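Worksheet: one structure, shown below.
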Amino acid sequence: MPVSVGAGPLADGCTNLDAIPIQFTIDFQSAIQGVFDNHCIECHEGKDPPAGLDLSAGGSWSHLIGIPSSQDAAFIRVMPDQPLASLLFLKVNCDIPGVGHRMPLNRDPLLEEEQALMLDWIRQGAPSATTDTIFRGEFEIRG
């Protein structure tokens, strides 16, 4: 399934990730939390973070999985196996994510590889540990 989400009623201006190799083994703590630590917790940490979303280590996963967005309850922060239905992915991948703004706010977007990492993690079920998808090839493209 191509990851060119740019032309839809909910999201627009999305980065095409088709050329980024798929990652089959992703450790939530080092990889996903690492992205949060490097780009997100500057704002999304503590008792009163924006949108009520605390992404600090030890609690970020439970604040994301299956939780409706405080900005619009029709959006789920992370819907396991469904990155295009997950507001987290739309927020880091699209200029107009359907609700709110692209993240990180008023800063450069995440690197395409980091966006693809989020996509792959969600697509593989968004586990709190390491994904266990069977490795299918040394270089598999999305498109």
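The values are calculated or read from the model by the stated rules, or taken from the named source; none is laboratory data. Because the structure is a prediction, the values reported are computed rather than measured. Cβ coordinates were reconstructed from backbone atoms using ideal geometry, including for glycine residues, and neighbour counts include every protein chain displayed. In case anyone asks, the SASA skips ligands and DNA or RNA and just uses the protein heavy atoms, side chains included. Shrake-Rupley method; radii C 1.70, N 1.55, O 1.52, S 1.80 Å.
Here are the numbers for the structure shown:
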item	result
Accessible surface, segment 17-102, averaged per residue in Å² (probe 1.4 Å)	46
Glu112 accessible area, 1.4 Å probe, all protein chains in place, Å² to nearest 10	80
Relative contact order [Cα under 8 Å, 6+ residues apart], segment 55-120, whole percent	18
Carbon + sulfur, % of accessible area of segment 29-139 - ligands and nucleic acids excluded, 1.4 Å	54
Sparse-neighbourhood loop sites, trypsin sites (Lys or Arg not before Pro) in segment 27-92 - DSSP loop, at most 14 other Cβ within 10 angstrom	Lys47
Solvent-accessible area of Ser30 with every protein chain in place, 1.4 Å probe, in Å² to the nearest 10	80
Distance between segment 74-97 and segment 17-33 - C-alpha centres, whole angstrom	16
Accessible area, probe 1.4 Å, largest first, for residues His101, His39	His101, His39
Listed residues Ser128, Ser86 arranged by accessible area, highest first, probe 1.4 Å	Ser128, Ser86
Accessible heavy-atom area order of Asp81, Asp108, Asp72, highest first, probe of 1.4 Å	Asp108, Asp81, Asp72
